[in-house]
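The values are calculated or read from the model by the stated rules, or taken from the named source; none is laboratory data. Please read all numbers here as calculations on a predicted model, not as lab measurements. Cβ sites come from the backbone with ideal geometry, for glycine too, and all protein chains shown count toward neighbours. Protein only, heavy atoms only, side chains kept; ligands, DNA and RNA dropped before computing areas. Shrake-Rupley method; radii C 1.70, N 1.55, O 1.52, S 1.80 Å.
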Amino acid sequence: MPSSRFSMVTAALAGVLALASASGAWLLAGGIAIVQVVFALGAIRSSGVASARPAAWLGLVVGAGALGWTLVDETSTLTPVAAILGPAVLAAFITQLLRRDGRPRLNAALSLTVVSCVLTVLPVMWLSLRATSEGVHVVGLALLGVGAVGVTEALPISRAVRRVLGVLVASIAAAVLVVAVEGIDDAVPAVSAVVLAAFAGVMAAVAYAIEDRLAGEAGAVPDHVLVTVPERTPATGGGADETATLGDPAAGSPAGSPAGSGEPVTESRVRQEALVPLRIAAPFIAAAPAAYVLGQLLVG
């Protein structure tokens, strides 16, 4: 399971995105592009599911297209997101039809491709939210919620307590910010600011909970899988079956590990390697829809 210290990277990235949003739309778009790259080429590509690599690249292309469209049009609507996701799902089906390895694990591969496209596009909502009325303040308050939960996630206490604490810290920080910083209270009412930060923090906490569940499932995958391979002798070219252990260092260099590496590459390890970028990017992906909807209702 990835260490909770990676949540501090999420908190730092939330601060960078808030500063970028205050500086300009182009800088915010650059920060969102980083989140998309981390998720697509990190979490999706390293997932170990069939067709993970084309799914990751397709999701990144779709996300970059929606991001560029939203940036150029400076629109606060979700028209670019909706217009690009439709063809993207069709492209996902076509990608699976072009697979050369047959139909095994087709459902998993197709699901991963669709999830890659949808979740890579969701962070674009941050840029759409910035284009709304008082969008700079709204984006900053929502990112405050994500960052607060990211900071408390690194505390050495129980998961439930630190996530509830993160939401409380986000709410209090939003209220203090509205009172202390002149101009924010005129743009965003105090109650709306607290609700924005709190709900963004809740969605970030949900993302961490999902990642914990995935980490538990990845750890449950057995590291040693017994396979049966034929034992060949120089004299006969064949022989009895020999049972080898895939992923066991004592078995030499099995098919599941690089030749000469001496270190097995198991399905469990592959899945856990995908959890680190997921832990960094998932809070921004989960909080984006909540921030956009609440920002439009409460402020826009």
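For the reader, a short list of remarks on this structure follows.
- Those residues of segment 147-175 which are of a type in the set (A, V, I, L, M, F, W, C) and open to solvent by 60 Å² or more (accessible area, probe 1.4 Å), in sequence order: VAL151, LEU155, ILE157, ALA160, VAL161, VAL164, LEU165, LEU168, VAL169, ILE172
- Options ALA142, ALA82, ALA173, ALA108; residue that is more than 21 Å from the chain's Cα centre (by Cα), part of a helix (DSSP H, G or I) and among the small types (Gly, Ala, Ser): ALA173
- In segment 146-170, the residues that are part of a loop (DSSP other than H, G, I, E, B) and either touching a Pro at 6+ places or on another chain (Cβ under 6 Å) or closer than 14 Å to ILE280 by Cα (or both): GLU153, ALA154
- Residue satisfying condition, being more than 22 Å from ALA43 (Cα to Cα), open to solvent by 10 Å² or more (accessible area, probe 1.4 Å) and free of Cβ contacts under 8 Å to residues at least 60 places away in the same chain, within set LEU85, LEU98: LEU98
- Scope segment 176-198; condition small (Gly, Ala, Ser), surrounded by fewer than 20 Cβ atoms within 10 Å (Cβ to Cβ) and closer than 21 Å to LEU19 by Cβ; matching residues: ALA180, GLY183, ALA187
Residues are listed down the side, and each one gets a yes or a no for (1) free of Cβ contacts under 8 Å to residues at least 12 places away in the same chain; (2) open to solvent by less than 20 Å² (accessible area, probe 1.4 Å):
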| position | (1), (2) |
| --- | --- |
| LEU41 | no, no |
| SER47 | no, no |
| PRO54 | no, no |
| VAL72 | yes, no |
| ALA92 | no, yes |
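- Among the residues of segment 132-157, those that are modelled with pLDDT under 90 and either of a type outside the set (D, E, K, R) or farther than 22 Å from GLY295 by Cα (or both) comprise THR132, SER133, GLY135, ALA154, LEU155, PRO156, ILE157.
- Test for LEU58: is it touching a residue at least 24 places away in the same chain (Cβ under 8 Å), farther than 18 Å from ALA287 by Cβ and not charged (D, E, K, R): yes
- Among residues of segment 132-152 that are of a type outside the set (A, V, I, L, M, F, W, C), those with a beta-carbon under 6 Å from a residue that is open to solvent by 10 Å² or more (accessible area, probe 1.4 Å) and outside any helix (DSSP H, G or I) at least six positions away or on a different chain give the pairs THR132/SER76; THR132/GLY300; SER133/GLY300; GLU134/VAL299.
- Whichever residue in segment 66-79 is over 18 Å from the mean Cα position of the chain (by Cα) and of a type in the set (Gly, Ala, Ser) and, among such residues, is farthest from ALA131 (Cα to Cα): GLY68
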